[in-house]
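Participant: Starting off with a structure, shown below.
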Amino acid sequence: MHVHSHGGGSPKRVLTISLAVTLGYIVLLVVAGIRAHSLALLSEAGHNLSDFLALLLSLVAVYFQSRPANPSKTYGYQRAGVLAALVNASSLVVVSCYIFYEAFRRIQHPEHVQASLMMWVAGAGVVMNGAIALLLYRSAGHSGGDVNLRSALLHEVGDTLSTAAVIAGGWAILVTGNYWIDSVLSIVIGVLILWSGFGIVRETLNILLEGTPRGMKLEKIASSIREVDGVNDVHDLHVWSIGSETHALSCHISIADIPPSVSERILRDVKERLHHGFRIDHTTIQFEHVECEVAHGCVMPVTESEAHHHSHSH
C-alpha cells in the first residue's frame, strides 16, 4: 500500500479503501459461513457489517463536513450523518437479536461445522482488519486525532480481536468435535454488536436531543469563561453538537460598562479559550452590561425571571 506517501493519506481516501476491503470481506464471510454451516462466521459478517456502517458513517461525516451551508440549511448537513448513524445502529440491534435466536436454536440442534474453512476465513479477517487498523492509525496520527478516524480505528481493533476468537473457536472445534462452540462464539459476537450498537444509539440521540456533548462539563466551560479578564459572570450557557464533530455554544456574559473596542478583546479571549480548551468554534455570545446591586443580584436576570413568574401567575 502506498498510502503513507501522502502523509498518512487523507481521511476520505483511507476510509474509502477500508470500506471497499470490509465490504469484500463481509461477502466472503457470508458465503463461507453458509458453506461451512458456521453461525460464528455469519455473526462475524454481522459484526463486520457494524464496522462497515461505522466506517461509512465516518466517511459520510467527512463528506458532510465539507458540504457548504446554504440559506435553508444554515448549519450545513452535519445532522444527516448523525441520523444515518442512529438508523444504522438500530439495525445492528436487530442483527444481534437474530444472532441470539439462531445461536440458541443451534445449541439445541448442533449443526456440522467445517472448522478448517472457518479458521481460514477468520485468518484472512485478522490480516485484513489488522491492515485497516494500521492504515487508520497512521491517518489518525496525521490528521491530529480526528474523532471519526479514531472511532473507526477502535472498531477495527475490536474486530481483529473477535476474528481471532473465531480462529481459536475453529481450532477448539477441530480438537474436541464440539459443534456448540460455534454457537457460543456467535453469542459473544452478538453481545459485541449489541454493545457497539447501543453506544452509537446513545451518542446520536444525545446529539439529536441537543444534549451537552460527551466528555464536556458545563461547569468547567463556565469557569473557564469566568477566568477571562473582564468577565464578571456568565449565564444562560448552552453547549450542543451540530454534527458528531462540530460543537456550538451560546451564552450571556456580563461585563462592566466599557466601550465596544475594549469588549472586543474580551470576546476574542473567550473565543480563544473555547477553541483551545474545548474545540468549540460556533459561538453566539451576548454581552450584557449590568449594574449589580448586591441586595437584588443582577437586575437583568431578576426582571427576566420575575416576568416569567407573572406570566405564570395570571
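Participant: Multiply the residue separation of Asp257 and Leu205 by 0.36 nm, subtract the distance between their alpha-carbon atoms, and state the gained length in nm to one decimal.
Facilitator: Full-extension gain reported as 14.6 nm.
Participant: Could I ask something else about it? Among 182-195, 105-118, how do they line up from the highest to the lowest mean number of other beta-carbon atoms within 10 Å?
Facilitator: 182-195, 105-118
Participant: Kindly write out, for the range 176-189 in residue order, the coupling ³J(HN,Hα) from the Karplus curve 6.51 cos²θ - 1.76 cosθ + 1.60 (θ = phi - 60°), rounded to whole Hz, with x marking Gly and Pro.
Facilitator: 9, x, 8, 6, 5, 4, 4, 5, 5, 4, 4, 4, 4, 5
Participant: Ranked from highest to lowest mean number of other Cβ atoms within 10 Å per residue, what is the order of the peptides 268-278, 14-24?
Facilitator: Top to bottom by mean Cβ count within 10 Å: 14-24, 268-278.
Participant: For the ranges 95-103, 210-218, what's the packing order if you count other beta-carbon atoms within 10 Å of each residue, average per peptide, and put the highest first?
Facilitator: 95-103, 210-218
Participant: What residues have an amide H closer than 5 Å to that of Ile242, excluding those fewer than 5 places away on the same chain, when H is modeled at 1.01 Å from N in the peptide plane?
Facilitator: Amide H to amide H, under 5 Å and 5 or more residues apart or across chains, Ile242 pairs with His247, Ala248.
Participant: Oh, and also: So for the range 3-208, averaging the separation of alpha carbon pairs under 8 Å that are six or more residues apart and normalising by length, what relative contact order in percent results?
Facilitator: 33 percent
Participant: Compute the FRET efficiency between Val87 and Asn232 as 1/(1 + (r/R0)^6), taking r as their Cβ-Cβ distance and R0 = 35 Å, and round to the nearest 0.05.
Facilitator: Working from the Cβ atoms, E equals 0.15.
Participant: On to the next question. Rounded to whole Å and sorted largest first, list the principal axis extents of the Cα atoms in the range 159-237.
Facilitator: Per principal axis, max minus min of the Cα coordinates gives 74, 24, 13 Å.
Participant: Could I ask something else about it? What is the distance in Å between the Cα centres of the range 216-283 and the range 19-39?
Facilitator: So the two Cα centres are separated by 50 Å.
Participant: May I have the convex hull volume per residue, in Å³, for the Cα set of the range 83-218?
Facilitator: 121 Å³
Bear in mind these aren't lab numbers, they're just calculated from the coordinates by the rules spelled out. Remember, predicted model here, so these are calculated numbers, not experimental data. Every residue, glycine as well, gets a Cβ built from its backbone with ideal geometry; the counts of neighbours run over all protein chains shown.
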